[in-house]
1. Could you please let me know if PHE79 is touching a helix residue (DSSP H, G or I) at 6+ places or on another chain (Cβ under 9 Å) and aromatic (Phe, Trp, Tyr)?
2. What's the total number of residues in the stretch 108-147 that are farther than 21 Å from GLN35 by Cα and either assigned by TED's automatic domain parsing to the domain that holds LYS41 or within 24 Å of the chain's Cα centre (by Cα) (or both)?
3. Taking the stretch 56-93 on its own, how many of its residues are small (Gly, Ala, Ser) and exposed (fewer than 10 other Cβ atoms within 10 Å of the Cβ)?
4. How do the pairs read when you match residues in the stretch 10-22 that are exposed (fewer than 13 other Cβ atoms within 10 Å of the Cβ) with residues anywhere that are outside any loop (DSSP other than H, G, I, E, B), using Cβ under 6 Å and keeping only pairs 6 or more apart or on different chains?
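The values are calculated or read from the model by the stated rules, or taken from the named source; none is laboratory data. Please read these numbers as outputs of a predicted model, since none were measured by experiment. Neighbour counts run over all protein chains shown; Cβ positions are idealised from the backbone, glycine included.
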Amino acid sequence: MHWLLAYTKPRQEALAEENLRRQGFEVLCPQLRVQKLRRRKWTWVEEPLFPRYLFVGATDEQSWAPVRSTVGVTSLVRFGGQVAEVPLKLIEGLRNAAEEPQAARPMFKQGQKVRIVTGAFATLEAVFDLAEGEERATVLLELLGRQSRVRVGVGEIVNAD
């Protein structure tokens, strides 16, 4: 089995992967689970670890020619006119990492400086204290000369750095 790197069109990794699999190629597109702000709510989404790149594997009998004309694929990655072959050890490492369960990491850590962007305390800086489920958080806010605990929506705060 030989592995090459395919360069895809923007945000068409899944389409290219599906079309390559239909043609009998083995495809690896490592995913990363990240938190994104969508419609004022923090949600977990899967994104490609290497945006616009797919690892494509084929046997010695398969031709690489169809890869270039596959829907969603722009080209094969080349260095000096030579198609770049990906070491099998790297592919195995990526597969092993993908099989390990990922622990859900909170967006903010305790003690991290955050800025409140909406609501009554908009524009004020605070210190993240703890998450209360997926929707709410407690922050420490300097009010009237002392620190006060304030509950806010997770979508109302951003990293202050």
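1. Details: touching a helix residue (DSSP H, G or I) at 6+ places or on another chain (Cβ under 9 Å): no; aromatic (Phe, Trp, Tyr): yes.
No: the conditions fail for PHE79.
2. Step one: list which residues in the stretch 108-147 are farther than 21 Å from GLN35 by Cα, which gives 119-125, 140-147.
Subsequent filtering for residues that are either assigned by TED's automatic domain parsing to the domain that holds LYS41 or within 24 Å of the chain's Cα centre (by Cα) (or both) retains none.
Here the count works out to 0.
3. Step one: of the stretch 56-93, the residues small (Gly, Ala, Ser) are 57-58, 63, 65, 69, 72, 75, 80-81, 84, 93.
With exposed (fewer than 10 other Cβ atoms within 10 Å of the Cβ) added as a condition, the list becomes 63, 65, 69, 80-81.
So the answer is 5.
4. These pairs meet every condition: ARG21/VAL27.
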